[in-house]
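Visitor: Dumping the structure here so I can ask a few things about it.
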């Protein structure tokens, strides 16, 4: 199987996905627990459960990116071990 994206793009996507999963999980947890900093103002959302579920949906999307890009990076590592020449 050949990689679809370049090695740099794959590993960049892995790093960005990890940070996004961490940050969005924290934000989703804060909305789910109705933290006063996020739901205390007049302009803040009233339905915090809907906001939290939307944020956790984004976490699932980033987890899918993490799996895909991680597999792409591993394909590049496997290809480099065989001695294949990579044209970047």
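Visitor: Cβ-Cβ distance below 6 Å, separation of 6 or more or different chains: which pairs start in the range 16-32 with a residue that is farther than 17 Å from residue 64 by Cβ and end on one that is in a helix (DSSP H, G or I)?
Guide: Once the first residue is farther than 17 Å from residue 64 by Cβ and sits in the range 16-32, its partners that are in a helix (DSSP H, G or I) give 27/55; 30/38; 31/38; 31/48; 31/51; 31/52; 32/52.
Visitor: Return yes or no: is residue 66 touching a helix residue (DSSP H, G or I) at 6+ places or on another chain (Cβ under 8 Å), crowded, with 16+ Cβ neighbours inside 10 Å and modelled with pLDDT of 95 or more?
Guide: It is true that residue 66 is touching a helix residue (DSSP H, G or I) at 6+ places or on another chain (Cβ under 8 Å), crowded, with 16+ Cβ neighbours inside 10 Å and modelled with pLDDT of 95 or more.
Visitor: Between 17, 33, 7, which is surrounded by 14 or more Cβ atoms within 10 Å (Cβ to Cβ) and modelled with pLDDT of 90 or more? Before the answer, list the steps.
Guide: Working: 33 fails: surrounded by 14 or more Cβ atoms within 10 Å (Cβ to Cβ); 7 fails: modelled with pLDDT of 90 or more.
The unique qualifying residue is 17.
Visitor: If I go through the range 39-63 residue by residue, how many of them are without any contact (Cβ under 8 Å) to a residue 24 or more places away in the chain and crowded, with 17+ Cβ neighbours inside 10 Å?
Guide: 2
The values are calculated or read from the model by the stated rules, or taken from the named source; none is laboratory data. Since this is a predicted model, take the numbers as computed values, not measurements. Neighbour counts are summed over all protein chains in view; Cβ atoms, including those assigned to glycine, are modelled from backbone coordinates with ideal geometry.
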